[in-house]
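Report on the structure given below.
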Number of protein chains: 4
Amino acid sequence: MNYARRHLTKYMRWDWKFLRVKMTLHNEERTRTISWENPRISARDANAISGLDYLKAIMDGNIAPPPIARLVGYRIVDVETGEAVFEIEPGEHLYNPFSTVHGGILSTLLDTTMTAAVLSTLPMGKSCSTLEMKVNFVRPVNDKIGLISCRSGIIHSGSRIATASGKIFDDQERLVAHGISTCIIF
Amino acid sequence: MNYARRHLTKYMRWDWKFLRVKMTLHNEERTRTISWENPRISARDANAISGLDYLKAIMDGNIAPPPIARLVGYRIVDVETGEAVFEIEPGEHLYNPFSTVHGGILSTLLDTTMTAAVLSTLPMGKSCSTLEMKVNFVRPVNDKIGLISCRSGIIHSGSRIATASGKIFDDQERLVAHGISTCIIF
Amino acid sequence: MNYARRHLTKYMRWDWKFLRVKMTLHNEERTRTISWENPRISARDANAISGLDYLKAIMDGNIAPPPIARLVGYRIVDVETGEAVFEIEPGEHLYNPFSTVHGGILSTLLDTTMTAAVLSTLPMGKSCSTLEMKVNFVRPVNDKIGLISCRSGIIHSGSRIATASGKIFDDQERLVAHGISTCIIF
Amino acid sequence: MNYARRHLTKYMRWDWKFLRVKMTLHNEERTRTISWENPRISARDANAISGLDYLKAIMDGNIAPPPIARLVGYRIVDVETGEAVFEIEPGEHLYNPFSTVHGGILSTLLDTTMTAAVLSTLPMGKSCSTLEMKVNFVRPVNDKIGLISCRSGIIHSGSRIATASGKIFDDQERLVAHGISTCIIF
């Protein structure tokens, strides 16, 4: 997370020392501070708002994104009925032991985007949950890539079960991972 | 991470204390600060250490865990040849918009634990990468559960391809999620 | 195709020559004749018999197996609550263009055996259907292998959704394929 | 079972009675006779023909289809580089105990069509094998549907690994099942 360091050195100068105390143990330590709001406040009340309106409200900044979005660093950039786009900056804080972005993070982005596609079709009173997900990883991702974006769409939408697919592309439109999910609607 | 940057430029220009003020705006904001070491230092050099020794070194604290482990908050608690156990505390920072731990985090834990099972069988000179993973979510997880743990094992181990399975249990030994992965060995 | 050949020699002795004529057209042609009973008669009436009793009745020969079992050549050899075993003789009639048993047939055997595991837990009045299935193929199968058998078990059993896993072994207990499925219960 | 019935009336007229004798045991028995050529003759010699030319030769009737195609009753109807279309008549011989076409048969059709998409991209000297496949079943199929067709395409094509997707539609263009597969190229 070079970004955090740069950022912190630049903007939080006098506070840096405090953080550094904590960080100096290994001399190469980086820090990332995230904050989020009480997720029980921003959680969707299925009886008050449709899925699409809820997602748009998050996109427009009127409802706080869930904590996981802050932690991992993804955000919704587009949503229509049955389709969604999320993006993420693939920083070092997401690295696995092989110094590439952990497949679980790509899975998180895919699950988020595919579930958003399903959620966007649900009226007030209806919610959904991912029963299962399958992800293929086709290209490693590291922090030299500016942004990766995930696009999803509904494959099949039934009354009880919906399936969706999603693809993650890097900033040169190369496919990075793709997934498919099965959601239960209730 | 444009969001954070905007956020920080706007609100954090001069200090930490201000942030706290900002958090009170919503009266419910929480903060999590994570730190990690340069992942290029702790990344496995496949030619220097076997997979099992590498994982044990992380478990014993002799090699830094990867950034993602710090970010998400998981840790390795046991590893033998072909088997691994990781655990995580399911905190609110991992919540999706439904106020349960995001399925992508369970996927991250499963991918980590299953890949560790494969990695633990690889001698010096060999490495592996997840080709694909499939996860079933069978029970929601929230922060009322103390710890969840993931146990994995090899299903099939070939010269080029290995498959592994993993299960996540909550603190009452109830199944939370299960997965399967296909790794390429090179 | 030992079965068909045996079958034909046994039941169609005087007809064999006719078939052979037909087969000599390509000089290498083989024939398999299968027969089955009206599947609407042997289909399970969920309101009349539990899943386990239905499967046992097929195993004991009191209810006709479904047409697909005759076509492909598999049979149930054991079933208990939450577990099932099926076997198949991997004949040439199941070959793909690579002269090995088609992965779809292994998938058929896995789906059958995993669904039987779920069905075996269902009381009268309940039925199930496979929502999705995932199969890994780990070893090719050809007709030099005497019999392959598939064993399945329930992973998770909920009120609406159940998951099961299955493994296919060859006659030397080597793993051939493994799968996982998600069933909806209704 | 129209095909088999037609086939039988056409070629085995005088034999039909004999078969019927055998079938009268249960008064409702049906018969299907399939024939195929030595699959070792029609198997692809990867060093002699490209994947696309091999598939086109089967489509044009110059190379015999594999036994499984005859058994199950599917045929290739179109193939281009990276794409394929197969179709099948969903007869009663394919029924599971629920009187619908067995999901394993839909899986067979999907695996066939997806593998064909990958094979169609391979030059002489290269072959492929399905590592794993995942299938979602979204609509039951029975013999009231005239024909179902499966269309596939490459998702990602690497030097060692390729992924493909496929969809099965009924004769009214309704989605019946969809799948995804991972192939190893060697």
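The values are calculated or read from the model by the stated rules, or taken from the named source; none is laboratory data. The structure presented is a predicted model; accordingly, all values stated were derived computationally and were not measured. Cβ coordinates were reconstructed from backbone atoms using ideal geometry, including for glycine residues, and neighbour counts include every protein chain displayed. Side chains included, ligands, DNA and RNA excluded: accessible areas come from the protein's heavy atoms. Shrake-Rupley method; radii C 1.70, N 1.55, O 1.52, S 1.80 Å.
Structure notes:
- Top-ranked residue in the stretch D:161-178 [being out of contact with any His (no Cβ under 6 Å at 6 or more places or on another chain) and closer than 24 Å to residue D:126 by Cα; ranked as surrounded by the most Cβ atoms within 10 Å (Cβ to Cβ)]: D:164
- Here residue B:97 passes the criteria (1) modelled with pLDDT of 95 or more; (2) buried (at least 24 other Cβ atoms within 10 Å of the Cβ) except the one numbered (1).
- Residue match in the stretch A:32-55 (condition: in contact (Cβ under 8 Å) with a residue 12 or more places away in the chain, crowded, with 19+ Cβ neighbours inside 10 Å and within 16 Å of residue A:166 (Cβ to Cβ)): yes
- Every condition in (1) touching a Lys or Arg at 6+ places or on another chain (Cβ under 8 Å); (2) within 23 Å of residue B:134 (Cα to Cα); (3) open to solvent by less than 10 Å² (accessible area, probe 1.4 Å) is met by residue D:184 except one, and the failing one is (3).
- Evaluating residue C:4 against the criteria (1) within 30 Å of residue C:134 (Cβ to Cβ); (2) at pLDDT below 90; (3) under 17 Å from the mean Cα position of the chain (by Cα); (4) more than 7 Å from chain D (Cβ to nearest Cβ) leaves one unmet condition, (1).
- Being at the interface with chain A (Cβ under 9 Å from one of its Cβ atoms) and open to solvent by less than 20 Å² (accessible area, probe 1.4 Å) is a property that residue B:104 has.
- Scanning the stretch A:35-55 for residues that are in a loop (DSSP other than H, G, I, E, B) and either in contact with a Lys or Arg (Cβ under 8 Å, 6 or more places away or on another chain) or among the hydroxyl-bearing types (Ser, Thr, Tyr) (or both) yields a total of 4.
- Considering the stretch C:56-71, the residues that are in a helix (DSSP H, G or I) and in contact with a helix residue (DSSP H, G or I) (Cβ under 6 Å, 6 or more places away or on another chain) include one that is surrounded by the most Cβ atoms within 10 Å (Cβ to Cβ), namely C:67.
- Among the conditions (1) touching a residue at least 40 places away in the same chain (Cβ under 8 Å); (2) open to solvent by 10 Å² or more (accessible area, probe 1.4 Å); (3) within 22 Å of residue C:180 (Cβ to Cβ), the only one that residue B:81 does not satisfy is (3).
- Counting only residues that are over 21 Å from residue D:107 (Cα atoms), more than 10 Å from every other protein chain (Cβ to nearest Cβ) and hydroxyl-bearing (Ser, Thr, Tyr), the stretch C:152-173 holds 1 of them.
- Filter result (more than 7 Å from every other protein chain (Cβ to nearest Cβ) and over 22 Å from residue D:33 (Cβ atoms)) within the stretch D:87-101: D:100
- Which listed residue is modelled with pLDDT of 90 or more and among the basic types (Lys, Arg), from D:30, D:75: D:75
- If the condition is being within 13 Å of another protein chain (Cβ to nearest Cβ) and assigned to a strand (DSSP E or B), then the stretch D:107-151 contributes D:128, D:129, D:130, D:131, D:132, D:133, D:134, D:135, D:136, D:137, D:150.
- Hey, residue C:147 surrounded by fewer than 18 Cβ atoms within 10 Å (Cβ to Cβ) and of a type in the set (A, V, I, L, M) or not: yes
- Qualifying residue in the stretch A:120-136 (condition: within 17 Å of residue B:39 (Cβ to Cβ) and not polar (S, T, N, Q)): no
- Pair list, Cβ < 8 Å and 6+ apart or interchain, from the stretch D:136-149 residues that are modelled with pLDDT of 95 or more to residues that are β-branched (Val, Ile, Thr) and open to solvent by 50 Å² or more (accessible area, probe 1.4 Å): D:149/D:77
- The stretch B:154-166 residues that are among the basic types (Lys, Arg), paired with ones that are in a strand (DSSP E or B) (beta carbon under 6 Å, 6 or more apart): B:160/B:185
- Here residue C:113 meets each of (1) touching a Phe, Trp or Tyr at 6+ places or on another chain (Cβ under 7 Å); (2) open to solvent by 10 Å² or more (accessible area, probe 1.4 Å) with one exception, condition (2).
- Selected residue (criterion: farthest from residue A:63 (Cα to Cα)) from residues of the stretch B:56-78 that are without any contact (Cβ under 8 Å) to a residue 40 or more places away in the chain, among the aliphatic types (A, V, I, L, M) and within 8 Å of another protein chain (Cβ to nearest Cβ): B:58
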